[in-house]
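Asks: Got a structure for you, questions after.
The values are calculated or read from the model by the stated rules, or taken from the named source; none is laboratory data. For clarity, every value in this text was computed on a predicted model and none was experimentally measured. Glycine also receives a Cβ, built like all others from the backbone with ideal geometry; neighbour counts cover every protein chain displayed.
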Amino acid sequence: MDVREARLKEEFAAEYPGIPPEVWIPVAELARKLVERHRSGRKAGRFTRTFDPTHFEFRGGASERRPRGSRTRTTDRKHPQRKKLGDSEGPRLES
């Protein structure tokens with residue numbers, strides 16, 4: 001399996017101090033840097049989005065497609081709850 005990599009686009013470099021623009025880095029390393037950036041910002045009273053994926057380019061990773069419904073994060077539920085027919089939020093409309 002190839003290592004998934006990302007690089008920060010030059011025009012967004014000012015928004016991500018500590019992440020060099022136009023340099024390919026493993027996404028695992030990028031993730032650690034982004035999480036640390038987010039945590040230190042929260043400690044300083046700044047609440048920002050972790051990152052915008054459109055600010056980066058990505059390459060590599062697994063070439064085969066994942067099976068539908070596969071978990072990509074450890075926090076994903078094994079089987080998402082499905083709404084039952086007739087379950088909805090808000091008032092029920094009579095027809």
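Asks: Test THR72 against the criterion of being surrounded by 10 or more Cβ atoms within 10 Å (Cβ to Cβ) and either out of contact with any Phe, Trp or Tyr (no Cβ under 6 Å at 6 or more places or on another chain) or at pLDDT 95 or above (or both), and give yes or no. Write out each step before concluding.
Replies: Numbers: surrounded by 10 or more Cβ atoms within 10 Å (Cβ to Cβ): no; either out of contact with any Phe, Trp or Tyr (no Cβ under 6 Å at 6 or more places or on another chain) or at pLDDT 95 or above (or both): yes.
For THR72, the condition - surrounded by 10 or more Cβ atoms within 10 Å (Cβ to Cβ) and either out of contact with any Phe, Trp or Tyr (no Cβ under 6 Å at 6 or more places or on another chain) or at pLDDT 95 or above (or both) - is not met.
Asks: Further, regarding this structure: Quick one: in region 12-25, of everything that is of a type outside the set (A, V, I, L, M, F, W, C) and modelled with pLDDT of 90 or more, which residue is nearest to ARG59 (Cα to Cα)?
Replies: For region 12-25, the residue satisfying everything is GLU22.
Asks: If you take the residues in region 13-25 that are closer than 15 Å to ARG37 by Cα and outside any loop (DSSP other than H, G, I, E, B), which one is farthest from the chain's Cα centre (by Cα)?
Replies: If we filter region 13-25 for residues that are closer than 15 Å to ARG37 by Cα, which is where we start, we get 13-20.
So of that shortlist, the ones also outside any loop (DSSP other than H, G, I, E, B) come out as 13-15.
Details: ALA13: 18, ALA14: 20, GLU15: 17 Å.
Out of the qualifying residues, it is ALA14.
Asks: Could you list, in sequence order, all residues of region 5-42 that are surrounded by 13 or more Cβ atoms within 10 Å (Cβ to Cβ) and among the hydroxyl-bearing types (Ser, Thr, Tyr)?
Replies: The one that is surrounded by 13 or more Cβ atoms within 10 Å (Cβ to Cβ) and among the hydroxyl-bearing types (Ser, Thr, Tyr): TYR16.
Asks: In addition: Name the single residue, out of those in region 26-54 being of a type in the set (Ser, Thr, Tyr) and assigned to a helix (DSSP H, G or I), that is modelled with the lowest pLDDT.
Replies: It comes out as SER40.
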